[in-house]
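Following: one structure in structure tokens, then a few remarks.
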Amino acid sequence: CTGSRAPPPATGTLIELVATLTGLFPFWVLGAGALGFMKPAALGWLKGELVTFSLALTMLFMGMTLTVKDFDRVLTNPKQVFLGFLCQFTIMPLLGLAVAK
């Protein structure tokens, strides 16, 4: 016995289900945003530390959608990544400041 066994059949089904749900992640986020926009009271319970937790969870789930190919693309096009980074920390704060005034 070498100790290598095929995974149980349910494992493949679970992996497919998780892959499908992960692929639908943008729709989960858009759906939650639409719900909050159209029915703010439905998300009224989301306050304080739950906001921080939900943002952390969202970031985690976004990271789970990344593949090795995504990182390869970043390494082959570092100028685009740097430009996005630069815009995120210059243009976005300036626009936020302009909107707040």
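Things to note:
- Solvent exposure ordering (accessible area, 1.4 Å, most first) of T20, T65: T20, T65
- Taking θ as phi - 60° and the Karplus parameters 6.51, -1.76 and 1.60, the scalar couplings of the range 32-48 work out to 5, x, 5, 4, x, 6, 7, 9, x, 5, 5, 10, x, 6, 8, 9, x Hz in sequence order, x denoting glycine and proline.
- Label-to-label distance for A56 and T13 is 3.4 nm, based on points extended 7 Å past Cα in the beta-carbon direction.
- Rounded, prolate or oblate (a/c below 1.5 giving rounded, otherwise prolate when a/b exceeds b/c) for the range 45-101 by Cα gyration tensor: oblate
- Compared with the dominant principal axis of the Cα atoms in the chain, helix 9-23 is inclined by about 20°.
- Surface analysis of the chain yields an accessible area of 90 Å² per residue, using protein heavy atoms and a 1.4 Å probe.
- Given a 1.4 Å probe and the protein chains as shown, L14 ends up with an accessible area of around 110 Å².
- T90 accessible area, assembled protein chains, probe 1.4 Å, Å²: 60 Å²
- 0 to 90° range, to nearest 10: angle between helix 78-100 axis and the chain longest Cα axis: 40 degrees
- Once the mean of 1/r is taken over each pair of separate Cα atoms and inverted, the chain shows a Kirkwood hydrodynamic radius of 17.9 Å.
- Placing a label point 7 Å from the Cα of M64 along the Cα-to-Cβ direction, the residues of the range 16-48 whose backbone N falls under 12 Å of that point are 17-25.
- Sulfur and carbon atoms: percent of accessible area, the chain [1.4 Å]: 76 percent
- Label-point separation, F27 to F85 (7 Å along Cα→Cβ), nm: 3.5 nm
The values are calculated or read from the model by the stated rules, or taken from the named source; none is laboratory data. This one's a predicted model, so the numbers in the text were calculated from it and none came from an experiment. Neighbour counts run over all protein chains shown; Cβ positions are idealised from the backbone, glycine included. Remember, those area values only see protein heavy atoms, side chains included, never the ligands or the DNA or RNA. Shrake-Rupley method; radii C 1.70, N 1.55, O 1.52, S 1.80 Å.
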